[in-house]
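In what follows, a structure is listed as structure tokens, so that the remarks can point back to it.
The values are calculated or read from the model by the stated rules, or taken from the named source; none is laboratory data. Every value quoted in this text rests on a predicted model; they were computed, and no experiment measured them. No Cβ is skipped: glycine too gets one built from the backbone with ideal geometry, and neighbour counts run over all protein chains shown.
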């Protein structure tokens, strides 16, 4: 990554990069996602795997961009039908059966990001009006999980008890979802002042209080997700991405999922590409997406990762969310609606707490790097796509 801070942030008049995949290749990847979709509309991680709301919605976004509106609509219909009375979704469903019934805050919040993305891509106001009650209930549920210090607890169990831990990646994603929710609220003329306050408090916690989040600095997502989520911009974002570049980036392959394993993963590489583009490093972003194409199969699907010491794909799965991340990264670099969605076009900024506004915590300060507490247990599993604290930090 270039050492200069001269690169501007992505802007509406920025020139998009050249195509990385052509339309036929993107359609083949979308078809691979749709092939895994279950009859009720659920999109599991892979055929026979589990479904969660975040990755399901990421796939719906990608299907829309690549022209599979039929599959995207079926995915949205599943989401609407499966929402629980409290506004949440279960963390895991397999074949229509709930296998983990707690609710993850950023999984639930992501409906707002996906719905805002749908609006930017289609301009379909009737669709927004239909799904607005779903998004409003979900964000009300999430805001109710906010801790006094501003972070949002990562999960709530079926009895209504919050797990008193917060994750940097998940909360960064939720920050952006809250801003998308505020954009939707303005669009439908249904103001949500509680969300504005919650977003401001979360923004402040992310930037100035790393001690309020579980340390997971071995995971690449904690490195770049504050940029995607909008907690950092410009010079701060570029400094953040440079700070651990050598820990995670593997030349010509992509990025490591965790810093201590010889394992590159496609989805994380594509998400880093989105973060780089938002920070004004579009050439580097395009290189990232090109470098991970070794994970592509002949039919347009993608292996989740590559263990470059053992020289094998690992895990042995072609995940729908990896394919979705590729489509969304390519659309971002091409200047499509995904770029506008993550750049925050038309979205209000998070309200800063009074202390930050008056200089007690200057908003120009860099977000401190995540820290590992001396007695903090190691957490994580094979997959980067799940948020609960006893697994991995997938947003």
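Numbers at a glance
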read-out	value
Among (1) assigned to a loop (DSSP other than H, G, I, E, B); (2) surrounded by fewer than 23 Cβ atoms within 10 Å (Cβ to Cβ); (3) touching a residue at least 24 places away in the same chain (Cβ under 8 Å) - the single one residue 230 does not satisfy	(2)
Residue 222, sole failed condition from (1) in contact with a strand residue (DSSP E or B) (Cβ under 9 Å, 6 or more places away or on another chain); (2) surrounded by 16 or more Cβ atoms within 10 Å (Cβ to Cβ); (3) farther than 19 Å from residue 286 by Cα	(1)
Residue check for residue 30: under 21 Å from the mean Cα position of the chain (by Cα), modelled with pLDDT of 95 or more and more than 30 Å from residue 198 (Cβ to Cβ)	yes
Residues of the stretch 21-33 satisfying the condition of being surrounded by fewer than 21 Cβ atoms within 10 Å (Cβ to Cβ) and either closer than 15 Å to residue 302 by Cβ or touching a helix residue (DSSP H, G or I) at 6+ places or on another chain (Cβ under 6 Å) (or both)	25, 27, 28, 31, 32
Residue check, residue 113 over 19 Å from residue 213 (Cα atoms) and either in contact with a helix residue (DSSP H, G or I) (Cβ under 8 Å, 6 or more places away or on another chain) or part of a helix (DSSP H, G or I) (or both)	yes
Single residue of 202, 197 found to be surrounded by fewer than 19 Cβ atoms within 10 Å (Cβ to Cβ), assigned to a helix (DSSP H, G or I) and modelled with pLDDT of 95 or more	197
Sole residue being in contact with a helix residue (DSSP H, G or I) (Cβ under 8 Å, 6 or more places away or on another chain), farther than 24 Å from residue 336 by Cα, at pLDDT 95 or above and surrounded by fewer than 21 Cβ atoms within 10 Å (Cβ to Cβ), chosen from 103, 149	149
Extreme residue, farthest from residue 291 (Cα to Cα), among residues of the stretch 238-251 that are part of a helix (DSSP H, G or I) and in contact with a strand residue (DSSP E or B) (Cβ under 8 Å, 6 or more places away or on another chain)	247
Filter result for residue 63 (buried (at least 24 other Cβ atoms within 10 Å of the Cβ), under 17 Å from residue 131 (Cα atoms) and under 21 Å from the mean Cα position of the chain (by Cα))	no
Criterion: on the phi > 0 side of the Ramachandran plot and touching a strand residue (DSSP E or B) at 6+ places or on another chain (Cβ under 7 Å) - qualifying residue of 254, 230, 266	254
Meets criteria (in contact with a strand residue (DSSP E or B) (Cβ under 6 Å, 6 or more places away or on another chain), part of a helix (DSSP H, G or I) and under 30 Å from residue 119 (Cβ atoms)) for residue 186	no
Residue check for residue 235: part of a helix (DSSP H, G or I) and out of contact with any helix residue (DSSP H, G or I) (no Cβ under 6 Å at 6 or more places or on another chain)	yes
Matching entry among 217, 162, 190 (being closer than 23 Å to residue 121 by Cα and surrounded by fewer than 24 Cβ atoms within 10 Å (Cβ to Cβ))	190
Answer residue from the stretch 258-269, given it is outside any strand (DSSP E or B) and farther than 17 Å from residue 242 by Cα and is nearest to the chain's Cα centre (by Cα) among those	267
Exclusive hit being in a helix (DSSP H, G or I), loosely packed, with under 15 Cβ neighbours inside 10 Å, in contact (Cβ under 8 Å) with a residue 12 or more places away in the chain and touching a helix residue (DSSP H, G or I) at 6+ places or on another chain (Cβ under 9 Å), set 80, 136	80
Residue ID - nearest to residue 228 (Cα to Cα), chosen from residues in the stretch 270-314 that are within 21 Å of the chain's Cα centre (by Cα) and part of a loop (DSSP other than H, G, I, E, B)	279
The stretch 215-227 - residue that is outside any helix (DSSP H, G or I) and in contact with a helix residue (DSSP H, G or I) (Cβ under 8 Å, 6 or more places away or on another chain) and, of those, modelled with the highest pLDDT	219
Output for the stretch 279-292, where each listed residue is at negative phi and in contact (Cβ under 8 Å) with a residue 12 or more places away in the chain	279, 281, 282, 283, 284, 285, 286, 288, 289, 290, 291, 292
